[in-house]
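Encoded as structure tokens, the structure appears first; notes follow it.
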Amino acid sequence: MKKIQLIAGKSHPELAEEIAKILKIPLTPVESRYFADGEIYIRIKEKVRGNDVYLIQSMCAPANDRLMETLIMIDALRRSSAGRINLICPYLCYSRQDRKAASREAITAKLVANLITKAGVDRLVTVDLHADQIQGFYDIPVDHFVGYPLFAKYLKDKKMLGNTVIVSPDIGGVKKADKMADMLGLKLAIIDKVRKVHDKAEVTHVVGEVEGKRAVIIDDVVSTGGSICIAAEILKKMGAKEVIACVTHGVLSGNPKELFDNSAVDQILLTNSIPIPEEKISKKMKIISLGPLLAKIIKRISRERSLGELFTWEDKSQAL
Ligand code: R5P
């Protein structure tokens, strides 16, 4: 078996440390600093020759710096003869533009895929891509995990599955919400969301039965918080007695804490794919760590074992 080395970018030291602790493997030290003009300097401070390297880096804000830092780290690893370079990237930036929606636009998700692949990554592990088809932009293996089994497990453990309906906050999210509903044996409702103005969601109506029920919204991203709060409001208007939002990536642009605190949403479950600073944490939030799942993924990849079992909520394999 090749030696495993874990290396962390600057984006999420807590998550990298948690994974390192679970795997009982120290993080390989990296010298990382800025030149006076803002350029990034990277040097891997230990040998990586021939080893199975896992670079843990979430490409959250500031996305441009995180992306460039990742590319430079990959380049440094490749030029240091790392055996296999695995990018563990829970949140992949620039994924929103996965097609040309209007003439003369860029397809940034493809551009980022080209950059990462060209830099020398052998495998990408990521969570809840904005669109599943982004996997196909990469000509290397992509292990695309989803957040909903973690939320499903939390709700089950807290005995919050009775009289519950799973809600897709928009038409685009129906497939994922349907999978979660299916996994839990629950019914599905769909919110018909429209965006007349950029970055501002409006809701027209809800398809499905929510009256008297606990409505669990499942979404990939919360940014301004507008979509969730509007959805919670309409669900309550339609008679839902409780609204829980389950969102994988807490982008939390600006600071929607106050908006959440005063909204109709009762609880917001997030993963830590993106670090959430103290000042943005609303009293309604509960953050579920991806650390244990990512540690298992790393261990299994290094042993060439299947990852399929990890896609379910009933984690039969407690062992790494
Ligand atoms: C939209 O397609 C996404 O799934 C999210 O609903 C959206 O990005 C959330 O944005 P905001 O929190 O700004 O409404």
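Details
- Residues within region 218-238 that are more than 9 Å from the ligand (Cβ to nearest atom) and open to solvent by less than 30 Å² (accessible area, probe 1.4 Å), tallied: 3
- Residue check, K193 within 12 Å of the ligand (Cβ to nearest atom), modelled with pLDDT under 90 and either farther than 16 Å from K237 by Cβ or not acidic (D, E) (or both): yes
- Applying the condition of being at pLDDT 75 or above and hydrophobic (A, V, I, L, M, F, W, C) to region 300-320 and asking which residue is farthest from P149 (Cα to Cα) yields I301.
- Residues of region 102-137 classified as surrounded by fewer than 19 Cβ atoms within 10 Å (Cβ to Cβ) and at pLDDT 95 or above, total: 19
- Of all residues in region 218-246, those satisfying the criterion of being in contact with a Ser or Thr (Cβ under 8 Å, 6 or more places away or on another chain) and either touching a residue at least 40 places away in the same chain (Cβ under 8 Å) or not assigned by TED's automatic domain parsing to the domain that holds M160 (or both) are I218, D219, D220, V221, I228.
- Residue match in region 146-158 (condition: touching a helix residue (DSSP H, G or I) at 6+ places or on another chain (Cβ under 8 Å) and either within 12 Å of the ligand (Cβ to nearest atom) or of a type in the set (D, E) (or both)): no
- For beta carbons closer than 7 Å, sequence separation of 6+ or different chains, a first residue in region 162-180 that is part of a loop (DSSP other than H, G, I, E, B) and a second that is not aliphatic (A, V, I, L, M), the qualifying pairs are N163/K213; N163/R214; P169/K193; P169/D219; P169/S227; D170/K193.
- Criterion: at pLDDT below 95 and either open to solvent by less than 90 Å² (accessible area, probe 1.4 Å) or in the same structural domain as A215 (by TED's automatic domain parsing) (or both) - qualifying residue of K187, K179, K158: K179
- Test for R49: is it out of contact with any strand residue (DSSP E or B) (no Cβ under 6 Å at 6 or more places or on another chain), among the basic types (K, R) and open to solvent by less than 90 Å² (accessible area, probe 1.4 Å): no
The values are calculated or read from the model by the stated rules, or taken from the named source; none is laboratory data. On a predicted model such as this, the values are computed, not experimentally measured, just so you know. Every residue, glycine as well, gets a Cβ built from its backbone with ideal geometry; the counts of neighbours run over all protein chains shown. Just so you know, the surface numbers come from the protein's heavy atoms only, side chains and all, with ligands and any DNA or RNA stripped out. Shrake-Rupley method; radii C 1.70, N 1.55, O 1.52, S 1.80 Å.
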